[in-house]
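Colleague: Sharing a structure below in structure tokens format, with a few things to ask.
The values are calculated or read from the model by the stated rules, or taken from the named source; none is laboratory data. What you see is a predicted model, and the numbers here were worked out from it, not measured in a lab. Using ideal geometry, Cβ is built from the backbone for each residue, glycine included, and neighbour counts are taken over all protein chains shown.
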Amino acid sequence: MVTGQDLEIACDESGAEGENLTAAITDVFAHASVSMEIEAADDVIRVLRDRIRSPATEYKANHLLRGKHRSALVWLLGPSGPIYGTARVYLVEKRFFIVSRIVDLLDDPYSPSLGFYRRFETETLYRTGPTLPGWIPLLESFNDVMRARVPAQTFYDRLNDLRAPELTGPLAATRPNLDAYLERPAEDPRTIPVLDPLIPAIIQAVVAWSSSGRPVEVVHDRQTTLSEERIVELKGVFNDPRLASRARLAGLRLTESRLDARIQMADFLAGVARKIASEELNGRGDAELNDLLRHYVDPASLWGHEASWSHLHP
């Protein structure tokens, strides 16, 4: 229940493909959160309808990303725009995320991501791995193991194929940690997916907005990942000592974006942020849009590509 002391944020994502990271259509996941009144969000949508003049019943980010509507996008993100200072976006480079999850096998017990990771080991493997033959098959095998498509040994075989013991030696000894995780009851509806970036994104949204000193109430667009059982599990995550002292989740409820204009604002930001960030990641960056977006980007975003991050970080 929201109280006068709670800070309510509305959230949505773009680029979600569950635990499919290596064969995903998108290479970036974005999760946006906004803190504004529903009436203010309704006003923004009315302005955008007037600017874009599309017959669509519900506007999406792809409307703003069309070249002919660039002025509307610049207005929305700009310093005099309606969401400046009231919105954040958490970016996840999917390739970097899966590398971080591989490195997390060093942790006992292995568990779903809270958004923390072994920075030094992850960045080292992320930078060095692509220079080795068999790197992509390694990532694909890990993704398949975690999705119960191939046996765990497949990953360790691919790890051995890299023939870089100085880099992968510690990971070769993690089989007990992975086996212990895989032996959990797969049918347990509470089980939080290890490779789905949505959960760490929600956690980081609560952490970021908790800087206000108020408990955070999350209103989120409906997602299949967010079952009732997993929401209960997610709430329990905030008892972790690494989170308890700096993040307070007052509650989380789901609704449809068409019923809450604030979620449409989050959808706009997540969608355009994912596209802008992906273009920069692939060497097709837009300097003006990068500069506008960086004011919203969470510095704790999971991003490993240094050249693109230099144009995206706040």
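Colleague: For residues that are under 17 Å from Asp27 (Cβ atoms) and among the hydroxyl-bearing types (Ser, Thr, Tyr), scanning just region 284-312, find the one that is nearest to the chain's Cα centre (by Cα).
Modeller: For region 284-312, the residue satisfying everything is Ser301.
Colleague: Can you tell me which residue is surrounded by the fewest Cβ atoms within 10 Å (Cβ to Cβ) among those in region 87-107 that are of a type in the set (Phe, Trp, Tyr) and part of a helix (DSSP H, G or I)? Please lay out each step first, then the result.
Modeller: First, pick out the residues of region 87-107 that are of a type in the set (Phe, Trp, Tyr): 90, 96-97.
Pick out the ones that are also part of a helix (DSSP H, G or I) and you get 96-97.
On the way: Phe96: 20, Phe97: 23.
Only one residue tops the list, namely Phe96.
Colleague: Only one residue in Arg163, Arg118 is under 30 Å from Ala247 (Cα atoms) and basic (Lys, Arg). Which one? Reasoning before the result, please.
Modeller: On the way: Arg163 fails: under 30 Å from Ala247 (Cα atoms).
On inspection, the qualifying residue turns out to be Arg118.
Colleague: Tell me, which residue of region 231-259 that is at pLDDT below 90 and among the basic types (Lys, Arg) is nearest to Ile192 (Cα to Cα)?
Modeller: So the residue we want is Arg242.
Colleague: From the list Ala24, Ala41, Ala72, which residue is among the aliphatic types (A, V, I, L, M) and under 24 Å from Trp303 (Cα atoms)?
Modeller: Working: Ala41 fails: under 24 Å from Trp303 (Cα atoms); Ala72 fails: under 24 Å from Trp303 (Cα atoms).
Of the residues listed, the single one that is among the aliphatic types (A, V, I, L, M) and under 24 Å from Trp303 (Cα atoms) is Ala24.
Colleague: May I ask you to say which residue of Arg149, Arg158, Arg118 is of a type in the set (Lys, Arg) and loosely packed, with under 14 Cβ neighbours inside 10 Å? Reasoning before the result, please.
Modeller: Working: Arg158 fails: loosely packed, with under 14 Cβ neighbours inside 10 Å; Arg118 fails: loosely packed, with under 14 Cβ neighbours inside 10 Å.
Of the residues listed, the single one that is of a type in the set (Lys, Arg) and loosely packed, with under 14 Cβ neighbours inside 10 Å is Arg149.
Colleague: Looking for whichever is over 17 Å from the mean Cα position of the chain (by Cα), over 30 Å from Pro109 (Cβ atoms) and modelled with pLDDT of 90 or more here; the options are Glu228, Glu217. Which one fits?
Modeller: Unique residue meeting the criteria: Glu217.
Colleague: From the list Arg214, Arg230, Arg248, which one is under 15 Å from Ser113 (Cα atoms) and surrounded by 12 or more Cβ atoms within 10 Å (Cβ to Cβ)?
Modeller: Details: Arg214 fails: under 15 Å from Ser113 (Cα atoms); Arg248 fails: under 15 Å from Ser113 (Cα atoms).
Unique residue meeting the criteria: Arg230.
Colleague: Of Glu58, Glu19, which residue is in contact with a Lys or Arg (Cβ under 6 Å, 6 or more places away or on another chain), surrounded by 13 or more Cβ atoms within 10 Å (Cβ to Cβ), assigned to a loop (DSSP other than H, G, I, E, B) and not hydroxyl-bearing (Ser, Thr, Tyr)?
Modeller: Details: Glu58 fails: surrounded by 13 or more Cβ atoms within 10 Å (Cβ to Cβ).
Glu19 is the lone residue from the list that is in contact with a Lys or Arg (Cβ under 6 Å, 6 or more places away or on another chain), surrounded by 13 or more Cβ atoms within 10 Å (Cβ to Cβ), assigned to a loop (DSSP other than H, G, I, E, B) and not hydroxyl-bearing (Ser, Thr, Tyr).
Colleague: For region 252-289, what are the residues that are within 19 Å of Arg88 (Cα to Cα) and either among the small types (Gly, Ala, Ser) or touching an Asp or Glu at 6+ places or on another chain (Cβ under 6 Å) (or both)?
Modeller: If the condition is that a residue be within 19 Å of Arg88 (Cα to Cα) and either among the small types (Gly, Ala, Ser) or touching an Asp or Glu at 6+ places or on another chain (Cβ under 6 Å) (or both), then Ser257, Ala261, Ile263, Ala266, Asp267, Ala270, Gly271, Ala273, Ala277, Ser278 are the ones that fit.
Colleague: Take Ile45 and tell me if it is within 25 Å of Leu312 (Cα to Cα), among the β-branched types (Val, Ile, Thr) and outside any strand (DSSP E or B). Can you show your working first?
Modeller: Numbers: within 25 Å of Leu312 (Cα to Cα): no; among the β-branched types (Val, Ile, Thr): yes; outside any strand (DSSP E or B): yes.
For Ile45, the condition - within 25 Å of Leu312 (Cα to Cα), among the β-branched types (Val, Ile, Thr) and outside any strand (DSSP E or B) - is not met.
Quick grid of which residues meet (1) modelled with pLDDT under 95; (2) among the hydrophobic types (A, V, I, L, M, F, W, C):
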position	(1), (2)
Ser33	no, no
Arg53	yes, no
Glu58	yes, no
Leu65	yes, yes
His69	yes, no
Phe97	no, yes
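To keep it simple, each residue is scored yes or no on (1) among the polar types (S, T, N, Q); (2) in contact with a Ser or Thr (Cβ under 8 Å, 6 or more places away or on another chain); (3) over 28 Å from Arg46 (Cα atoms).
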{"position": "Phe238", "(1), (2), (3)": "no, no, yes"}
{"position": "Leu243", "(1), (2), (3)": "no, no, yes"}
{"position": "Ala250", "(1), (2), (3)": "no, yes, yes"}
{"position": "Arg253", "(1), (2), (3)": "no, no, no"}
{"position": "Asp260", "(1), (2), (3)": "no, no, no"}
{"position": "Asp267", "(1), (2), (3)": "no, yes, no"}
{"position": "Arg274", "(1), (2), (3)": "no, yes, no"}
{"position": "Glu288", "(1), (2), (3)": "no, no, no"}
{"position": "Gly304", "(1), (2), (3)": "no, yes, yes"}
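Colleague: Select from region 140-171 the residues that are touching a residue at least 40 places away in the same chain (Cβ under 8 Å) and either over 18 Å from Asp104 (Cα atoms) or touching a Gly at 6+ places or on another chain (Cβ under 8 Å) (or both) and list them in ascending order.
Modeller: Leu167
Colleague: Something else: So which residues in region 61-81 are touching a residue at least 60 places away in the same chain (Cβ under 8 Å) and either in a loop (DSSP other than H, G, I, E, B) or out of contact with any helix residue (DSSP H, G or I) (no Cβ under 8 Å at 6 or more places or on another chain) (or both), if there are any at all?
Modeller: Step one: of region 61-81, the residues touching a residue at least 60 places away in the same chain (Cβ under 8 Å) are 61-62, 64-65, 73-74, 76-79.
The answer is Leu65, Gly78, Pro79.
Colleague: Can we say Val194 is touching a helix residue (DSSP H, G or I) at 6+ places or on another chain (Cβ under 9 Å), touching a residue at least 24 places away in the same chain (Cβ under 8 Å), part of a loop (DSSP other than H, G, I, E, B) and at negative phi? Explain how you work it out, then say what you get.
Modeller: Values: touching a helix residue (DSSP H, G or I) at 6+ places or on another chain (Cβ under 9 Å): yes; touching a residue at least 24 places away in the same chain (Cβ under 8 Å): yes; part of a loop (DSSP other than H, G, I, E, B): yes; at negative phi: yes.
It is true that Val194 is touching a helix residue (DSSP H, G or I) at 6+ places or on another chain (Cβ under 9 Å), touching a residue at least 24 places away in the same chain (Cβ under 8 Å), part of a loop (DSSP other than H, G, I, E, B) and at negative phi.
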